[in-house]
Amino acid sequence: MKIAICGVGFSGSYLARRLVTEGIAKPLDIRLFEHEHRIRRKFEFVEDSNRPCASPCAFGIHRPTLIEAIERTNIGEPDEFILQEFDHIVIGDIKPKADLCTFNKPLFELMCVSGMTFSRSFLKFEDYDVIVDATAKRALIGKIFSETLKEPLWIHTRQIRLDIKSPNIKITRLKDGGVGYEWVFPLGDLGTHVGYGKIGEAEDKYESERKICACGGRIRLSAPKYSFPLYTRLHNGDGAMLITVGESAGMISSITGGGNKEAIDGIEILLKYWDDFPTAYDKIVEEFRWAEREFNIVSKLHEGKGLSLTDLKTIAKNAKRYDIKVGVKEAIVLVKNIIGDKFVRLM
């Protein structure tokens, strides 16, 4: 089976490795398509951590999920990738218990695709049995289907890495308003990520004499159901199967903007039903019902509407996916600290 993976970020690299460890494909059967400078920057960062991070934001993840992913990919030991662990996080003036960590994401991605072939040529669809769109912008499937079931929202991010150590993950309200939040993500000996994300255009900020590097990006908020179509057969049903993973498939938390755990969860379902893509994506849509609810909540906030008690219960319930222990009362405090008082209206 010849497989092309377009976009070798977290979801693309993880899928590539798992296809091999599951025995679905051999390394030589997988061709990776990515901008050369992005791969080069990852190598430069792994060799010298004073170079730019090479992978914007998103170094945080649910610790048990990461450990399972490292075991499944057989790329090393957890302590080779985990930078710092956290048993709680600071969200405004509350400190809920959690089971999170930050990890060396560029190293993880490079280890996953070790021994595989990168292509600098144009992708020829007829050369492959399966083509994977692992790009956040749906660069491939979006050319065939310009519209999805629901239009996504886009978080614009800005971040710098500082040469300082920090004890805790911190989440706070945006000082200039808007839907989003500011963050502090400690990276152990690699320093600390400080940044923010908001729906709408983000302006440059965060300057410091201790800045190591800076980055910016966009995160596509959606859900698998709202990202239909998730797959299609090319050339009038006679060609390669084009499928989606990661942000391209709506595997994302609209509340947190996190996509690492979500990509792993979705890809594992996809692998389980690899020989039956319709069933695989039906299972993914069902598993990610929570993502639909989160997207609807963020859409309400973006429209300036308040949140109901049901919305707050959803936030509290979904936080447990990361082992973050919050109830409805804590969810109210969370929303007020991150978004603002005006968005909490119990109905």
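The values are calculated or read from the model by the stated rules, or taken from the named source; none is laboratory data. Bear in mind that the values here come from a model prediction, so they are computed numbers and not experimental data. So basically every Cβ, Gly included, is an ideal-geometry build from the backbone, and we count neighbours across all protein chains shown.
Below is a table of values for the structure above.
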{"read-out": "Matching residues, region 233-267, being hydroxyl-bearing (Ser, Thr, Tyr) and either in contact with a Cys (Cβ under 8 Å, 6 or more places away or on another chain) or not in a strand (DSSP E or B) (or both)", "value": "248, 253, 254, 256"}
{"read-out": "Within region 271-282, tally of residues that are more than 16 Å from residue 1 (Cα to Cα) and not acidic (Asp, Glu)", "value": "5"}
{"read-out": "Residue check for residue 219: within 19 Å of the chain's Cα centre (by Cα), modelled with pLDDT under 95 and either surrounded by 18 or more Cβ atoms within 10 Å (Cβ to Cβ) or of a type in the set (D, E, K, R) (or both)", "value": "yes"}
{"read-out": "Filtered residues of region 1-37 (kept if outside any helix (DSSP H, G or I), farther than 19 Å from residue 241 by Cα and touching a Ser or Thr at 6+ places or on another chain (Cβ under 8 Å))", "value": "9"}
{"read-out": "Single residue of 40, 51 found to be within 28 Å of residue 162 (Cβ to Cβ), of a type in the set (D, E, K, R) and part of a loop (DSSP other than H, G, I, E, B)", "value": "51"}
{"read-out": "Selected residue [polar (S, T, N, Q), in a helix (DSSP H, G or I) and at negative phi] from 102, 65", "value": "65"}
{"read-out": "Among (1) free of Cβ contacts under 8 Å to residues at least 60 places away in the same chain; (2) within 17 Å of the chain's Cα centre (by Cα), the one test that residue 233 misses", "value": "(2)"}
{"read-out": "Leading residue by the ranking (nearest to residue 66 (Cα to Cα)) among those in region 268-313 that are of a type in the set (S, T, N, Q) and part of a helix (DSSP H, G or I)", "value": "279"}
{"read-out": "Residue satisfying condition, being surrounded by fewer than 22 Cβ atoms within 10 Å (Cβ to Cβ) and more than 18 Å from residue 256 (Cα to Cα), within set 170, 124", "value": "124"}
{"read-out": "Which listed residue is among the basic types (Lys, Arg), at pLDDT below 95 and part of a loop (DSSP other than H, G, I, E, B), from 165, 137, 198, 143", "value": "137"}
{"read-out": "Which listed residue is more than 30 Å from residue 279 (Cα to Cα) and in contact with a helix residue (DSSP H, G or I) (Cβ under 8 Å, 6 or more places away or on another chain), from 155, 164, 171", "value": "171"}
{"read-out": "Qualifying residue in region 173-183 (condition: within 21 Å of the chain's Cα centre (by Cα), under 30 Å from residue 140 (Cα atoms), β-branched (Val, Ile, Thr) and at pLDDT 90 or above)", "value": "no"}
{"read-out": "Failed condition for residue 85, given (1) on the phi > 0 side of the Ramachandran plot; (2) assigned to a strand (DSSP E or B)", "value": "(1)"}
{"read-out": "Residue in region 236-249 that is farthest from the chain's Cα centre (by Cα), counting only those that are of a type outside the set (A, V, I, L, M, F, W, C) and crowded, with 18+ Cβ neighbours inside 10 Å", "value": "244"}
